[in-house]
Amino acid sequence: MNLPSKDEWLDIIRNTPNGKAAGFSGISNEMLKHLSDDCHEILYYLICKIIEFGYLPKQWKQATVFLIAKPKPFNCELSNSRPITLLETTRKVLITLFNRHLTTILKDHNVLQANQFAGLPKQSTFEPIRIINELLQDAIDNNNELWILSQDMGKAYDRVNTFQLKKAMERIRIPTAYTSLILELFKDSQNQVVTAYGKTPAYDVLTGIDQGEVISPILWCIYYDPLLAEINKYNLGYTFCTKNITKAQEKPTEIFQQNIPVMAYMDDTQWITDEKHKLEKMLYIADSFYRLNDIQINKNKSELMMRAKKRRHRYSHNYNDKILIQFGRDHINIKAKHPCEPTRILGVHFNIDNDNRYLISKIKTEVDHLTNLMYKKKITDKHVLYIFNRVIIPRIEYWSQVTVLSKKDTENLIIPFRRMFKNKLKFARTDPNAILDNPYIYGYRNLTKINFKRKLLNSASNLTILASLEKLLKFT
């Protein structure tokens, strides 16, 4: 491996975020940024020697685990918490350097499967959410059968086998020296857990990769990529078809097709097809991969969205009946979601009928809940405005990113908040809303304008986006 230049190393240190928890030694990012020139020179020399010899300091393999509660009762169950590993900051800066080089190469050369939408630069949930929306709309427009199975994967990082990870890295021709140094991160590691009574005794980490490691997301994508590559060979997914029309006067001759069998965003996977037997074949392949790599799948927690063909304006399937699906060696009895019943995918709720009534109800419930909480609190108008602009509005924006809300809907949703805000200001309800909207007074973010602006920006993004979504735009 080529050694980094000193300027590149210092640039990474300068760009490390402030306010992050330190590791075992207590050295923070702010301390690294304020080192003297001589200390920077010594640290850079140390980093170059680590890369040259391929070994990490023993102290860097000691980490602290902090448990963050999930939004539900703890009940003394570790499964109801999210363990975050606090690593040494200098180690994290070094791994950030590796991560930058690796992800740039993988993205520039399209090494990984296009079905995985995480881990690489400039990737987000934008693409998969819109693809799901296009799938539903295409099935409705053409009265096609559609199956979308969302699986539940448990503790993905904790069950990564480093031997299999090495094989996955060799598969995509990552240099041996680089692979060895990355795997060195997870050898002979020891963790301590922070509790209310201090730290526990250190214990050996036998398997898995660290949740707080910078490079962990891309390592998981590499680890999961062989499964996606195998699934993509068989064209088992849902197929979009459309005719290419170049001129209005000419008959279309060329047919575009795009097959989408699976979408993954880290450990969040959706299996997509148009027939039950195709779904079972994909699940058989997936189950063999999971058993080989000891990945835990809660099969009985899977959720199924299934659109049956309509005959005389009625679905041909009774949604009160359960469906028996073969998931590898096991069988699961699963009840498909009712056409109007929502399924949460990447934080956005979808249903087979592409109906927005649930979304409007959810937004109304959220606004009412936060409004009622703020009614009872002794907070200033600035606090209320901050919660609205920085908490409520971003949530609504994300939930409704593929749904067009009418002006009437957006105005009705915000009425409870406006009333509460005026009440806090001792204003009459009949006072004009322009007082709140005026940027020189309060700068209250108008939901109607935000909704319209966001849809325009998303449309512009759709026209420039790459990979799978760009192909799907030909069908809309």
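The values are calculated or read from the model by the stated rules, or taken from the named source; none is laboratory data. The model shown is predicted, which means the values in this text are computed figures rather than measured ones. All Cβ positions, even for glycine, are placed from backbone atoms using ideal geometry, and neighbour counts span all protein chains on display.
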Requested in this report: State whether one or more residues within the stretch 288-299 are outside any helix (DSSP H, G or I), more than 25 Å from the chain's Cα centre (by Cα) and of a type outside the set (Asp, Glu).
Outcome: no
Query raised in the report: Does the stretch 307-324 hold any residues that are farther than 13 Å from Ile352 by Cα and of a type in the set (A, V, I, L, M), and which are they?
Result: Ile323, Leu324
Query raised in the report: If Lys377 satisfies every condition in (1) under 27 Å from Leu456 (Cα atoms); (2) modelled with pLDDT under 90 but one, which is the exception?
Result: (1)
Query raised in the report: Which pairs do you get when a residue that is free of Cβ contacts under 8 Å to residues at least 40 places away in the same chain, found in the stretch 391-411, comes within reach of a residue that is among the acidic types (Asp, Glu) and surrounded by 15 or more Cβ atoms within 10 Å (Cβ to Cβ), reach meaning Cβ atoms under 8 angstrom, with the pair 6+ apart or on two chains?
Result: Ile392/Glu366; Arg395/Glu366
Report summary line: Looking across the stretch 425-444 at residues that are over 41 Å from the mean Cα position of the chain (by Cα) and of a type outside the set (D, E, K, R), the single one that is surrounded by the fewest Cβ atoms within 10 Å (Cβ to Cβ) is Thr430
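To keep it simple, each residue is scored yes or no on (1) surrounded by 17 or more Cβ atoms within 10 Å (Cβ to Cβ); (2) in contact with a Lys or Arg (Cβ under 8 Å, 6 or more places away or on another chain).
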{"position": "Ala336", "(1), (2)": "yes, no"}
{"position": "Cys340", "(1), (2)": "no, yes"}
{"position": "Asp368", "(1), (2)": "no, no"}
{"position": "Arg390", "(1), (2)": "no, no"}
{"position": "Ile393", "(1), (2)": "yes, yes"}
{"position": "Ile396", "(1), (2)": "yes, no"}
{"position": "Gln401", "(1), (2)": "yes, yes"}
{"position": "Lys407", "(1), (2)": "no, no"}
{"position": "Ile415", "(1), (2)": "no, no"}
Query raised in the report: Within the stretch 193-242, can you find the residues that are without any contact (Cβ under 8 Å) to a residue 24 or more places away in the chain and among the charged types (D, E, K, R)?
Result: Asp204, Lys233
Query raised in the report: Just a yes or no: is a residue in the stretch 200-209 part of a strand (DSSP E or B), surrounded by fewer than 18 Cβ atoms within 10 Å (Cβ to Cβ), under 28 Å from the mean Cα position of the chain (by Cα) and modelled with pLDDT of 85 or more?
Result: no
Requested in this report: Search the stretch 48-62 for residues that are in contact (Cβ under 8 Å) with a residue 40 or more places away in the chain and pair each with any residue that is part of a helix (DSSP H, G or I) when their beta-carbon atoms are under 6 Å apart and the residues are at least 6 apart or on different chains.
Outcome: Gly54/Ser180; Gly54/Leu181; Leu56/Glu184
Query raised in the report: Can you list the helices (runs of 4 or more DSSP H) found entirely within the stretch 1-95 that contain at least 1 residues being exposed (fewer than 12 other Cβ atoms within 10 Å of the Cβ)?
Result: 6-14, 37-53
Requested in this report: Could you run through the stretch 319-333 and say how many residues are touching a helix residue (DSSP H, G or I) at 6+ places or on another chain (Cβ under 8 Å) and either part of a strand (DSSP E or B) or surrounded by 11 or more Cβ atoms within 10 Å (Cβ to Cβ) (or both)?
Outcome: 7
